[in-house]
Amino acid sequence: MLLFSTSLILAGLAAAQSEWGQCGGIGWTGGTTCPSGWTCVAQNPYYSQCLQSTGSSSIGTTGTVSSTASTSVVGTTTTSSPTSTATLTGIAASAPTIGPSKAVGKLPALGWNAWNAYGCNINEDKILAAANQFISLGLADVGYEYINIDDCWSEMQRDPSTGRIVPDPSKFPNGISGVADQVHALGLKFGIYSDAGTATCAGFPGSLGNELLDATTFAEWGVDYLKYDNCNVPGNWSDSGTPPGGDWYNSNSAIRYRQMTAALNETGRPFQFNLCIWGAANVWDWGARVGHSWRMSGDSSASWGYITNILTTNVQHLSSIDFYSHNDMDMMEIGNGDLTIQEQRTHFAVWSFLKSPILLGTDLSQLNSTQLSIIKNAELIAFHQDPNVGGPASPFTPTPSASSTSPPEFYAGQSSKGIHVFIVNTGSATASKTFNFANVPGLGTGSFLVHDMWAGTDVGKFTDSYTISVEAHDTAALFISPA
Ligand SMILES: *[C@@H]1O[C@H](CO)[C@@H](O)[C@H](O)[C@H]1NC(C)=O
Ligand SMILES: *[C@@H]1O[C@H](CO)[C@@H](O)[C@H](O)[C@H]1NC(C)=O
Ligand SMILES: *[C@@H]1O[C@H](CO)[C@@H](O)[C@H](O)[C@H]1NC(C)=O
């Protein structure tokens, strides 16, 4: 039998979380301890965060990291009914309904984000180093495009006369536009971070109530992508029950994001819009009406437990995934922590075949040749970026007698080339994995040519079934064509 308890074992080994990092919440499998002088504070059921312990002065009185979001209610899995059947009252009656740009975001984003590598400790040099490594390491050539900064890029206070968010001059001496210009000069796109609350998770200014001013500022700076977080939500913006008509699109949570969608639209500049809403408010039901991708969980950690947990969550919502519509499994941990190389392969394969945004999250200069070959695998990237097929691979039952597992181990999906099979070995030992071709949706019976997408080589011709040995926590990636 396969073991599924490895996540619990591995989670217990995680190191102390970083300053401002996540340290708990439903589905969280990473560490729960904070650095000295920092305390793990519950923000809502899905998110606990390392905050500076009370008495510290550097946040100041404006660092309202209090848990005002703690009453927000997370949706159930009931299906939503159409908006038109409900009579909307209050803010839902007047909230903007404009959708995200169709000029960008058809395919899941490929890029890099500074958070998993550097947390708050960012500056222009680190951002531009990543951009230059996209070129020198050949990542831009295989499709990586976005260079994104995360929290902690601004000053603690808005400009008192203009009300605008001000870039921290010690981190960004040329402003954000100076960085964006240099990223653009390399042929890449630039992303920024804000929050659908009064302050970001690290206590910097949030955009709730300042959506148009901030969107206009970002557009003037040449920003192409916005990650919009969910910390520090005022109590009157939380959801205390099922929203009108049972449609979570009309929840206060959704409306906080809809206000930013409308503001981004008003700038006239196409933005790719990521809703960092932690899987709350049934976002998979309405996310595509508001943004291009949405987080399904709290923050990732460099642990096998995170990978299997988010996979288990995401397979329940695969029907939400299509062009312009992507469940975000969070930023990559390849290169971080002590994931084995097999686990790093699974991390990349699963994010690819479920069409999650793939934002690398490490110091790229530290990646070795094996890791680079994983993140540059042309066949997996082609599946992820397929211009003709929007949907993900889905679980299938490999043989008539196979029992189901959680998370599922066998997935089949379509690309422009044909049918692919992915097999995740969730067990802690090398295992032999068999599927019947007749059980793969779309294949039928007979003989088939099996091609290994990792190696880029044909394995051979097989009849009726195929058996492969998969190492512990590794993923086989196969292309199957009629022989
Ligand atoms: C704004 O929304 C309108 C109406 O959907 C659309 O035609 C236009 O392309 C959008 N503009 C941007 C920049 O997203
Ligand atoms: C919460 O209160 C603010 C300030 O009065 C107001 O602008 C906002 O519309 C309120 N939000 C909701 C969901 O009613
Ligand atoms: C790269 O690092 C991984 C561990 O993350 C290791 O398993 C692999 O052997 C390394 N590859 C090379 C070429 O050193």
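The values are calculated or read from the model by the stated rules, or taken from the named source; none is laboratory data. For clarity, every value in this text was computed on a predicted model and none was experimentally measured. Every residue, glycine among them, receives a Cβ derived from its backbone with ideal geometry; neighbour counts consider all protein chains shown. In case anyone asks, the SASA skips ligands and DNA or RNA and just uses the protein heavy atoms, side chains included. Shrake-Rupley method; radii C 1.70, N 1.55, O 1.52, S 1.80 Å.
Key figures
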| quantity | calculated |
| --- | --- |
| Nearest 10 degrees, 0 to 90: helix 252-267 Cα axis against the chain principal axis | 80 |
| Kirkwood-based Rg to Rh ratio, the stretch 100-384, C-alpha trace | 0.94 |
| Taking only Cα atoms of the stretch 143-250, radius of gyration then Dmax in Å | 15.7, 49 |
| Isolated Cys in the chain, by beta carbon distance under 4.7 Å | Cys276 |
| Computed over the chain: relative contact order in percent, which uses C-alpha pairs under 8 Å that are six or more apart | 15 |
| Globularity index of the chain, i.e. its alpha-carbon radius of gyration over 2.2 N^0.38 Å | 0.96 |
| Charge-dipole axis of the stretch 328-476 as Lys and Arg at +1 and Asp and Glu at -1 on Cβ define it, positive-most pick from Pro398, Gly413, Ser465 | Ser465 |
| Accessible carbon and sulfur surface of the chain relative to its total accessible area, %, 1.4 Å | 52 |
| Evaluated at q = 0.17 Å⁻¹: base-10 log I(q)/I(0), Debye formula over Cα of the stretch 236-328 | -0.77 |
| Formal net charge of residues neighbouring Gly175 (Cβ-Cβ distance under 14 Å; K, R +1; D, E -1) | -4 |
| C-alpha center-to-center spacing [the stretch 181-196, the stretch 280-359] in angstrom | 22 |
| Dipole-positive endmost among Gly337, Val233, Leu107 within the chain (Cβ charges, Cα centre) | Leu107 |
| Top positive-direction residue, dipole computed over the stretch 100-384 with Cβ charges, set Tyr257, Leu360, Gly206 | Tyr257 |
| Point-charge dipole on Cβ atoms (K/R +1, D/E -1) for the stretch 100-384, about Cα centre, debye to 20 | 460 |
| Proximal lysine pairs, the chain, alpha carbons under 21 Å, eight or more residues apart or interchain | 22 |
| Over the chain: helical MRE at 222 nm, DSSP H runs n ≥ 4 each giving -39500 (n - 2.57), nearest 500 | -6500 deg cm²/dmol |
| Angle between the chain longest axis and helix 304-314 axis [Cα atoms, degrees, rounded to 10] | 90 |
| Magnitude of the charge dipole, the stretch 394-482, Cβ model with Lys/Arg +1 and Asp/Glu -1, debye to 20 | 180 |
| Estimated FRET transfer efficiency (Thr463, Asp141; beta-carbon r; R0 35 Å; 0.05) | 0.35 |
| Accessible surface, the chain, averaged per residue in Å² (probe 1.4 Å) | 37 |
| Rounded Å value of the spacing that divides the Cα centres of the stretch 127-172 and the stretch 436-483 | 42 |
